[in-house]
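To keep things clear, I will list the structure first and then write my remarks on it.
The values are calculated or read from the model by the stated rules, or taken from the named source; none is laboratory data. Owing to the predicted nature of the structure, the values given are computational and were not obtained by experimental measurement. A quick note on method: Cβ atoms are made from the backbone with ideal geometry, for glycine too, and the neighbour counts reach across all protein chains shown.
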Amino acid sequence: MTRKTKTAAGSGDGGIYDRYWKHLLLREIGVEGQAILSKSAVLVVGCGALGCMLASLMTRAGVGRIRIVDDDIPKLRDLHRQLLFDEKDVKAKRPKVEAATARLELANSSVKVEGIRAKATKRNIRKLLRGMDLVLDASDSLETRYLVNEACHQDRKPWIYAGLLGTTGLVMPIRFGEGPCLRCLYPDPGLIENAPGCDERGVLSTAVVAVASIQATEGMKILFDSPEAARDMICLDIWNATIRHVVVKRRETCPVCGVKSAS
């Protein structure tokens, strides 16, 4: 999608043109795209490895409003991949959303960052979604992701599922009415609930950056309503430098988005 760009380098406004100048030069973003970002609101569910990177990328990109929900505190073993925290936060047992919000506000004071210390539940998920244009998954729980999937379906909000394990990751944009949802990908939670996770297999810190970068970029495309937005699941292995697209088909019997579902 071609967008307008400013031609006078560093042009006298100071603020937006100085801060986002390299974005404004891009045909994919330009002045029009940057304006869309500034008026957009994004919910980041989870403030662990992916959540830290997603919140940072979106804040620095100039998304107007970012809401982060998490109920945890950082631990020493988190610091190699959760880039918004440091040893002082660990020692003080500072809530993740509090530490993250403080650092993000220093990075871009024009962005409204809202940290909510809570776990996403059936009782609060609709409230958390209120006013948001896009949801970025950074949780570590299939239960939470199912919850987000169902709530986004009910509210017709786009969201992007992402996962990490070892040196690999995947990103799947979900837009209801335009393709499959998470329950189409994982129809039976029992098949993956007992599968090895990061606590058993570990996670490469650079894989976090790679997955979050793709997830955040696909999020921008959705906000721009770009025809270049991915329609398939993106799978990558950062160690072996491979990336591929996998087609996920919508299931007619899916209890969330299927044609035979109650909704």
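From Arg244, Arg201, Arg231, which residue is touching a strand residue (DSSP E or B) at 6+ places or on another chain (Cβ under 7 Å), at pLDDT below 95 and either of a type in the set (Lys, Arg) or over 23 Å from Leu83 (Cα atoms) (or both)?
When all the criteria are applied, what remains is Arg201.
Sort out which residues of segment 112-144 are among the basic types (Lys, Arg) and either modelled with pLDDT under 95 or part of a strand (DSSP E or B) (or both), and write them in order of number.
If the condition is that a residue be among the basic types (Lys, Arg) and either modelled with pLDDT under 95 or part of a strand (DSSP E or B) (or both), then Lys112, Arg117 are the ones that fit.
List the residue pairs whose Cβ atoms are under 7 Å apart, where the first residue sits in segment 219-243 and is of a type in the set (Phe, Trp, Tyr), the second is at pLDDT 95 or above and outside any loop (DSSP other than H, G, I, E, B), and the two are 6 or more positions apart or on different chains.
That search, which allows pairs on different chains as well, returns Phe224/Gly33; Phe224/Ile36.
So that you can scan it fast, the table gives a plain yes or no per residue for (1) surrounded by fewer than 21 Cβ atoms within 10 Å (Cβ to Cβ); (2) free of Cβ contacts under 8 Å to residues at least 40 places away in the same chain:
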{"position": "Cys52", "(1), (2)": "no, no"}
{"position": "Asp86", "(1), (2)": "yes, yes"}
{"position": "Glu105", "(1), (2)": "yes, yes"}
{"position": "Ile116", "(1), (2)": "yes, no"}
{"position": "Ser141", "(1), (2)": "yes, yes"}
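Residues are listed down the side, and each one gets a yes or a no for (1) of a type outside the set (A, V, I, L, M, F, W, C); (2) on the phi < 0 side of the Ramachandran plot; (3) buried (at least 24 other Cβ atoms within 10 Å of the Cβ):
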{"residue": "Gly33", "(1), (2), (3)": "yes, yes, yes"}
{"residue": "Ala41", "(1), (2), (3)": "no, yes, no"}
{"residue": "Val44", "(1), (2), (3)": "no, yes, yes"}
{"residue": "Ala49", "(1), (2), (3)": "no, yes, yes"}
{"residue": "Arg60", "(1), (2), (3)": "yes, yes, no"}
{"residue": "Val63", "(1), (2), (3)": "no, yes, yes"}
{"residue": "Arg67", "(1), (2), (3)": "yes, yes, no"}
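State all residues of segment 118-139 that are in contact with a Gly (Cβ under 8 Å, 6 or more places away or on another chain) and surrounded by fewer than 16 Cβ atoms within 10 Å (Cβ to Cβ); if no residue qualifies, say none.
Those that are in contact with a Gly (Cβ under 8 Å, 6 or more places away or on another chain) and surrounded by fewer than 16 Cβ atoms within 10 Å (Cβ to Cβ): none in segment 118-139.
Yes or no, residue by residue, for (1) assigned to a helix (DSSP H, G or I); (2) within 19 Å of Met220 (Cβ to Cβ); (3) touching a helix residue (DSSP H, G or I) at 6+ places or on another chain (Cβ under 9 Å); (4) β-branched (Val, Ile, Thr):
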| position | (1), (2), (3), (4) |
| --- | --- |
| Val63 | no, yes, yes, yes |
| Ile66 | no, yes, yes, yes |
| Ile73 | no, no, yes, yes |
| Arg81 | no, no, yes, no |
| Asp89 | yes, no, yes, no |
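Among (1) in contact with a Cys (Cβ under 7 Å, 6 or more places away or on another chain); (2) of a type outside the set (Val, Ile, Thr); (3) surrounded by 19 or more Cβ atoms within 10 Å (Cβ to Cβ), there is one condition Arg244 misses while meeting the rest; what is its number?
(3)
Does Ile160 satisfy being touching a helix residue (DSSP H, G or I) at 6+ places or on another chain (Cβ under 6 Å), farther than 24 Å from Phe224 by Cβ and not acidic (Asp, Glu)?
It is false that Ile160 is touching a helix residue (DSSP H, G or I) at 6+ places or on another chain (Cβ under 6 Å), farther than 24 Å from Phe224 by Cβ and not acidic (Asp, Glu).
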